[in-house]
There are 2 protein chains.
Amino acid sequence: MTTTGRQLVSTLSQDGTLVLELQEHDFPEPTGNQVLVRMEAAPINPSDLFLMTTGADLENAEYFPGKIEMQLHPQVAAAQSSRHGKPQTVGNEGAGTVVAAGDDEMAQALLGQRVACVPGNAFSEYAIADAMMCIPLGEHTAEQGASSFVNPMTALGFVETAKREGHDAMIHAAAASNLGQMLNRICQEDGMVLVNIVRREEQASLLKDQGASHTVNSSDDDFEKQLAGAIGETKAFLGFDPIGGGTTTDTCLRAMERVAAKDMSEYSRYGSDQAKKMYIYGRLDLSPTILTPSYGFGWTISGWLLMPFLASCDMPTLMSLRTRIVDGLTSTFASSYKARVGLEGMLTKDAITDYAQMATGEKYLVTPQN
Amino acid sequence: MTTTGRQLVSTLSQDGTLVLELQEHDFPEPTGNQVLVRMEAAPINPSDLFLMTTGADLENAEYFPGKIEMQLHPQVAAAQSSRHGKPQTVGNEGAGTVVAAGDDEMAQALLGQRVACVPGNAFSEYAIADAMMCIPLGEHTAEQGASSFVNPMTALGFVETAKREGHDAMIHAAAASNLGQMLNRICQEDGMVLVNIVRREEQASLLKDQGASHTVNSSDDDFEKQLAGAIGETKAFLGFDPIGGGTTTDTCLRAMERVAAKDMSEYSRYGSDQAKKMYIYGRLDLSPTILTPSYGFGWTISGWLLMPFLASCDMPTLMSLRTRIVDGLTSTFASSYKARVGLEGMLTKDAITDYAQMATGEKYLVTPQN
């Protein structure tokens, strides 16, 4: 028996036209390890927006009920040539109730339960999910469980990555985000010292109120000096940058080198021996990353993505991360939302121009059944 | 008994004035494991030029016999604030004859021998060197042995790095340099497939004549397509870039991604899973490195320096690299020079404006006794 429901589909044409549209879809009977989830809540994460609004002219788009037609910036459209003409579902994660299950034991055990899942089409009335990847939410609401995968696993992944690489301090840019607040809590629990970079004084206060020991404001005139001061105190020679474009990563590396150079007994044209590393895990700024030649050769910059990180974990580690998330769903891993919209509501001009800005602390939640 | 001789000294003042000057220096009697080398030949490598000409206004400099006074670009001068007022000797490597030795057996054994060494003041009549780091040259001339450390160890280091990281193919930019030609020979000996990026057709021909299987010309209109073609054939997802500034590294990563994306069954907003890596080992271009958001998150860029690489090798590996270099000094590891200059000769306007260009295949050799 198939189940019919609407889901959001993003289609980019070769001419640069991007269509976001709710389409009726037939969800097949789940088999094997699959479950069919009636979706109740799904967050709009920056990673979802890449398929929805990145490079798009939202101002001059055409808005219809359940449909938006817009033009992408030619360079952005060209860079995505491999998806031209191929409809993409949207929505990494969400929560809902399992209404049908495949024959496998693990799938059957979830029948009737509320779960968090990572179906890739979370902006939908229904979704097929892998039972292995579902997290049973118990008494938690769908809203409480909607963001229990991407941000929590990412924040935990940063700390795990830092530990693996031998660090006990790290920098985080755009640190007042939902993810950043979560990371701030995790780091305090784990004894990882965190240097938070924010853009506004209110954001610094917010994080300090939540126990942050080190915050620096990139809008201050002496930002780089403040940052070097915090690095000097904490020895944070590793950082995570969701902005990507521009000079955030460059500034962090330069501040790290400033601290390291102070400890050098003689000048070296090659810079200090101190290893300095930045991970770029997002592209809030799509302009090019700029690296100045001002910190020698002892540095590494790398992309960081959740899925390869998870693939690098063994099963006991994964299970313990998952358990930790469920246990902290309303505390350490709680998310907050600015607004709730239905599937049609997320496609209005007011809503999309607002959430497309990815303003810190202004996340939207999609409630597909409303 | 001290020995007196002239050596080149580079001093940067806070006001941005850089003085290159031959100064009389008293070299003390060598002790312990030290040897005193009467320097006969030393190459001017790009890494030496950093202390001599980087950011300098050579056109409007003042030239005296054995002395140049010039102004550095303010940003370059500021970036080197930690050496303001501190005289630096210049010249990484060279060859000469051991004229005095400390008491240790290893030092004594070198007495009277011609050796290659890495004293850090090779542009000098004499140099104190560590016997452990000296390579006895046997019947080779000083000119043959002058470049037996930096370029050979660096080229061998690239291949060793590639092997350690599981690669059997790699890209090299500015590949017609002395170092590049050496790397081309080593790769053929070791079965490492090398994709050579050059800027001119003659350079491509030169490398092909020396057995190169893959060369691409960055001046061609379809350069990036050619590069992707070569990466597709060789699976070179690792590269070494001595240019640093501008878009060389970016272009390599994008071409790698183009190849990797072809093998993907579905579109991913995060790019391919193929790990892509570039090492920046020089800064022939001091302008910022530009990274476009066009190859997802599966990439790493890292500085590469010889000394940390050598520090990562165990003693047997180091000894085998050394033996291989001596055995191949007139074949695999041979260097060629455009011109020979004495200590005063290297400080003339004609000479310095020429070698400061670091033109491919136009290396200078300093002969301090002439």
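The values are calculated or read from the model by the stated rules, or taken from the named source; none is laboratory data. In this text the structure is predicted, and so the values were computed from the model without any measurement. Glycine gets a Cβ as well: all are built from the backbone with ideal geometry, and neighbour counts include every protein chain shown. Just so you know, the surface numbers come from the protein's heavy atoms only, side chains and all, with ligands and any DNA or RNA stripped out. Shrake-Rupley method; radii C 1.70, N 1.55, O 1.52, S 1.80 Å.
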- Mind checking Rg over Rh on chain A, alpha carbons, Kirkwood formula for Rh? 1.00
- Query: How many angstrom separate the Cα center of segment B:50-105 from the Cα center of segment A:314-332?
  - Reply: 56 Å
- Task: Determine the gain in length on full extension of the stretch residue A:202-residue A:331; use 0.36 nm per residue of separation and subtract their C-alpha separation, reporting nm with one decimal.
- Result: 44.3 nm
- Summed residue charge, Cβ within 12 Å of residue A:34's Cβ, Lys/Arg positive, Asp/Glu negative: -4
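Among A:328-340, B:185-197, how do they line up from the highest to the lowest mean number of other beta-carbon atoms within 10 Å?
Numbers: A:328-340: 16.3, B:185-197: 20.4.
Most protected by this proxy first, the peptides run B:185-197, A:328-340.
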- Task: For chain B, calculate the relative contact order in percent as a whole number, restricting contacts to Cα pairs under 8 Å that are 6 or more residues apart.
- Result: 17 percent
- Task: Quick one: what are the phi-derived ³J(HN,Hα) couplings along segment B:34-48, Karplus 6.51/-1.76/1.60 with θ = phi - 60°, whole Hz, x for glycine and proline?
- Result: 7, 10, 9, 10, 7, 6, 10, 7, 8, x, 8, 8, x, 5, 6
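Could you give the Stokes-Einstein D for segment A:151-308 in µm² per second, using the C-alpha Kirkwood radius, 20 °C, 1.002 mPa s? The partial results should precede the final answer.
On the way: Rh = 15.5 Å.
It comes out at roughly 138 µm²/s.
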- Count of lysine pairs in chain B with Cα separation under 13 Å (8 or more residues apart, or interchain): 5
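How large is the accessible surface per residue of segment A:151-308, computed with a 1.4 Å probe and reported in Å² as a whole number? Provide the component values of the computation, followed by the final result.
Values: 5870 Å² over 158 residues.
For segment A:151-308, the per-residue accessible area is 37 Å².
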- Message: Can you compute the helix-only [θ] at 222 nm over chain B? Use -39500 (n - 2.57) per DSSP H run of at least 4 residues, normalise by all residues, nearest 500 deg cm²/dmol.
- Response: -8500 deg cm²/dmol
- Message: Using the alpha carbons of segment A:1-112, what is the convex hull volume per residue in cubic angstrom, as a whole number?
- Response: 121 Å³
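Quick one: of the DSSP bridges fully inside chain B, what percent are antiparallel, nearest 5?
Working: 41 of 66 bridges.
Bridges in chain B are about 60 percent antiparallel.
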- Task: Step through the residues of segment B:89-103 one at a time and calculate ³J(HN,Hα) from phi using the Karplus curve (6.51 cos²θ - 1.76 cosθ + 1.60, θ = phi - 60°), rounding each to whole Hz and writing x for Gly and Pro.
- Result: 6, 10, x, 5, 9, x, 9, x, 10, 6, 9, 7, 8, x, 6
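Only bridges whose two residues both fall in the protein assembly as shown count here: according to DSSP, what percent of them are antiparallel, nearest 5? Don't jump to the answer; show the numbers that get you there.
Numbers: 88 of 138 bridges.
Just about 65 percent of them are antiparallel.
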- Message: In segment B:303-344, what residues drop by 40 Å² or more of accessible area when the other protein chains are put back, versus the chain on its own? Use 1.4 Å, and skip ligands and nucleic acids.
- Response: B:303, B:305
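Sequence gap at least 6, Cα distance under 8 Å: using those rules, report the relative contact order of segment B:151-308 to the nearest whole percent. Write down the numbers at each step before the final one.
On the way: 290 pairs, mean separation 32.7, N = 158.
Once normalised by length, the contact order is 21 percent.
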- Message: Given an 8 Å cut-off on Cα distances and at least 6 residues of separation, report the relative contact order of segment B:4-66 as a percent.
- Response: 28 percent
- Message: Under a crude label model (7 Å from the Cα following the beta-carbon direction), how far is residue B:99 from residue A:109 in nanometres?
- Response: 8.2 nm
- Task: Give me the Kirkwood hydrodynamic radius of segment A:124-225, using the inverse of the mean 1/r over all pairs of distinct Cα atoms, in Å to one decimal.
- Result: 15.3 Å
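Rounding to the nearest 20 debye, state how big the charge dipole of the protein assembly as shown is about its Cα centre with +1 on each Lys and Arg Cβ and -1 on each Asp and Glu Cβ.
160 debye
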- Item | Inter-centroid distance (Cα atoms) of segment A:195-240 relative to segment B:199-260, Å | 41 Å
- Query: If you take the accessible area of A alone, add that of B alone, and subtract the area of the pair, what total do you get in Å², probe 1.4 Å, to the nearest 100?
  - Reply: 3100 Å²
- Query: In segment A:1-79, what percent of the accessible surface is made up of carbon and sulfur (1.4 Å probe, ligands and nucleic acids excluded)?
  - Reply: 49 percent
- Query: Any idea what Rg and Dmax come out to for the protein assembly as shown if you just take the C-alpha atoms, in Å?
  - Reply: 29.8, 99
- Message: Please report the carbon-and-sulfur percent of the accessible area for segment A:246-348; probe 1.4 Å, protein heavy atoms only, DNA, RNA and ligands left out.
- Response: 55 percent
- Please report, for the Cα atoms of segment A:265-370, the Rg to one decimal and the Dmax as a whole number; what are they, in angstrom? 20.8, 66
- Taking r as the C-beta separation of residue A:221 and residue A:310 and R0 as 45 Å, the FRET efficiency to the nearest 0.05 is 0.65
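Averaged over its residues, how many other protein chain Cβ atoms are within 10 Å of peptide B:46-59's Cβ atoms?
On the way: counts 0, 2, 1, 1, 2, 2, 0, 0, 2, 0, 0, 0, 0, 0.
Partner Cβ neighbours, averaged per residue: 1.
How charged is the neighbourhood of residue A:7? Take every other residue with its Cβ under 11 Å from the Cβ of residue A:7, and add Lys/Arg as +1 and Asp/Glu as -1.
Values: positive: A:6; negative: A:21, A:24, A:26, A:125.
In short, -3.
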